[in-house]
């Protein structure tokens, strides 16, 4: 967790029961401090239970012991065609970070330090009410939400995301702090409980959503607007309702909705079946915005902010532009990607790569590095890869990058970037 939270004695509480982030037995302390939410409630009180197997001890140690190498949790890679499945244009990996703590996602909020201003009883009552509603829901639907929309994986730190310093600072200061320390923000105007992240694909919006959940020590639920209006059109509104019920049971929780423009488009006709999903989503957003005692945060993402009905922009109290990576961020990505391979590039050649990737998204830069590394294998058509050791491959050189620049071009046009910049000037919060 960001060190700034340590000033108020906030560290993520560890849990031996959490189906989201398990930790090795050796790291469990009999006395632990939380970020304001008690995970000690019994799991049996939940109206539903995930059926996915908890991570094995060796996997727990793997997640809790890694600090600088990029790693992708198996559950992310295995979700195909699901509501929470990762889009290729949304995330581009992780970067070097300090040792990350394991977080739990139990459902009952409680403040062990008795900080003033946190409505513990009301939030707990909300969780119980959500449990009661889940008991009457379709078990198969709840099972699908629990296993596919609730995403599992190791926690993220801000340093795992290259660049985006303005967006990260805004989220920490104006979204996370009010949730973690409501006693310090009492009496102020309505605090942000729903935010919109907009910008080009592959810039790191999903990573930001996952990091927010990690900083809250909460569950991360991911919905896809495109999947809701295609594959799950007939059941879309029920899935949205169930997802928010699960979030309230597991609060603190982050509900992340990608491609939200497909649900809130101004182009929807009155007869469109998508309107049922839209109506349910707006009702849930109203519930979140009018229930400040609940610890549920809605993070929506879009690469087409101009398509969102202008009358619905008011639902997003913070609208943050997530731009392409600057030169410093691109250098971080390139360095991290190269660290996973044997390479032979001088500082001058790395600087030249950073210069030549101007206008690339984070995903574009990552693909460029991957293509350069794979090109080594293409240059060995007769080699037996089944018996070859990684040490037998020659180092990646600048010439390998030179050879693949013709294949990997920026996926975002300057016209698109101009559109984002103009929309940000008019409606964004990070001008």
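Answer with yes or no whether residue 176 is assigned by TED's automatic domain parsing to the domain that holds residue 317, at positive phi and at pLDDT 90 or above.
Values: assigned by TED's automatic domain parsing to the domain that holds residue 317: yes; at positive phi: no; at pLDDT 90 or above: yes.
Against the criterion (assigned by TED's automatic domain parsing to the domain that holds residue 317, at positive phi and at pLDDT 90 or above), residue 176 does not qualify.
Scanning for something at pLDDT 90 or above, surrounded by 24 or more Cβ atoms within 10 Å (Cβ to Cβ), on the phi > 0 side of the Ramachandran plot and not in a helix (DSSP H, G or I), does region 152-173 turn up at least one residue?
Yes: one or more hits.
Which of the residues belonging to region 406-418 are surrounded by fewer than 15 Cβ atoms within 10 Å (Cβ to Cβ) and touching a helix residue (DSSP H, G or I) at 6+ places or on another chain (Cβ under 9 Å)?
Residues satisfying the conditions are 407, 409.
In region 333-362, which residues are over 23 Å from residue 203 (Cα atoms) and part of a helix (DSSP H, G or I)?
Correct list: 347, 348, 349.
Among the residues of region 302-322, count how many are under 22 Å from the mean Cα position of the chain (by Cα) and either under 9 Å from residue 196 (Cβ atoms) or surrounded by fewer than 20 Cβ atoms within 10 Å (Cβ to Cβ) (or both).
Of the residues in that region, 11 qualify.
Please go through region 279-301 and pick out each residue that is crowded, with 23+ Cβ neighbours inside 10 Å and within 16 Å of residue 229 (Cβ to Cβ).
Across region 279-301, the qualifying residues are 281, 300, 301.
The values are calculated or read from the model by the stated rules, or taken from the named source; none is laboratory data. What you see is a predicted model, and the numbers here were worked out from it, not measured in a lab. Cβ: placed from backbone, ideal geometry, glycine included. Neighbour counts: every protein chain shown.
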